[in-house]
1. Of Leu14, Ala119, Gly68, whose Cα points farthest to the positive end of the dipole of segment 5-190 (charges on the beta-carbon: +1 Lys, Arg; -1 Asp, Glu; origin at the Cα centre)?
2. Between helix 5-18 and the chain, what is the angle of the helix's C-alpha long axis to the longest principal axis, kept within 0 to 90° and rounded to the nearest 10?
3. Efficiency by 1/(1 + (r/R0)^6): what FRET value for Arg37 and Arg186, r their Cβ-Cβ distance, R0 = 45 Å, to the nearest 0.05?
4. Please report the net charge: other residues with Cβ closer than 15 Å to the Cβ of Val54, K and R +1, D and E -1.
5. Let me make sure I get this right: for the chain, a, b and c are the square roots of the gyration tensor eigenvalues over alpha carbons, sorted descending. Under 1.5 in a/c it's rounded, otherwise prolate if a/b > b/c, else oblate. Which is it?
6. I'd like to compare 139-147, 97-105: which one has the highest average count of other Cβ atoms within 10 Å, and what's the full order after that?
7. Hey, what angle do you get for helix 24-36 against the long axis of the chain, alpha-carbon based, 0 to 90 degrees rounded to 10?
8. Obtain the nm distance between the two label points defined at Ile110 and Ala92 by a simple spin-label model: each point lies 7 Å from its Cα along the Cα-to-C-beta direction.
Amino acid sequence: MEALGSIGAGLLVLLENLFPPIPSEVILPLAGFAASRGDLNVAAAVAATTAGSVIGALLLYGIGATVGLERVRRVADKLPLINLEDVDKTVAWFDRHGGKAVFFGRMIPIFRSLISLPAGVDRMPVAKFTALTAAGSAIWNAIFVFSGYFLGENWHAVEQYVGVFQWIVIAVVLIFVLWWVIRRVRRIGRA
């Protein structure tokens, strides 16, 4: 990051969008720490990482738009436990709440990247998607960059708190999926 500066931080965040195992929760505080030492400008770090977030999100949006709703429907129709009514309900939900999902999704580990795919599949207007992604990402990135800036040498302390939050998100998602599968199996069993 020292060699490439803010642009390097932005490139790392772009990669994090495409390959979620690269954690922005480590990259962003590190950029803030580098800014606290004078290696980066803190505002430039926030701007570059937000640009990286937006570019990465647009690439995933493009994949979703390329796949398209009809292909999702064809695949879903072949999957066990999923029917086309589920796809239709999900699309209707995204039509009503997609803007909030994109904005707030940019601040939730794991969903940060994934939310771009349904936005593309649903063909959310690109300008709206870009604005919501930029706003949500700017908030998330600023929180972590400034955390690293103010924590200085202790910038890595952010990791442990975000790690706990990430595991909570994973647990909630797994519980929801398990609940959904059990409910679906019971419904099919009754039919």
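1. Among Leu14, Ala119, Gly68, the one farthest towards the positive end of the dipole of segment 5-190 is Gly68.
2. Roughly 10 degrees between the two axes.
3. Efficiency, rounded to the nearest 0.05: 0.20.
4. Value of the local net charge: +2.
5. It comes out prolate by the Cα gyration axes.
6. 139-147, 97-105
7. 20
8. Label-label distance for Ile110 and Ala92, simple model: 2.7 nm.
The numbers here are math on the coordinates, done by the rules we state, and not lab data. What you see is a predicted model, and the numbers here were worked out from it, not measured in a lab. Cβ sites come from the backbone with ideal geometry, for glycine too, and all protein chains shown count toward neighbours.
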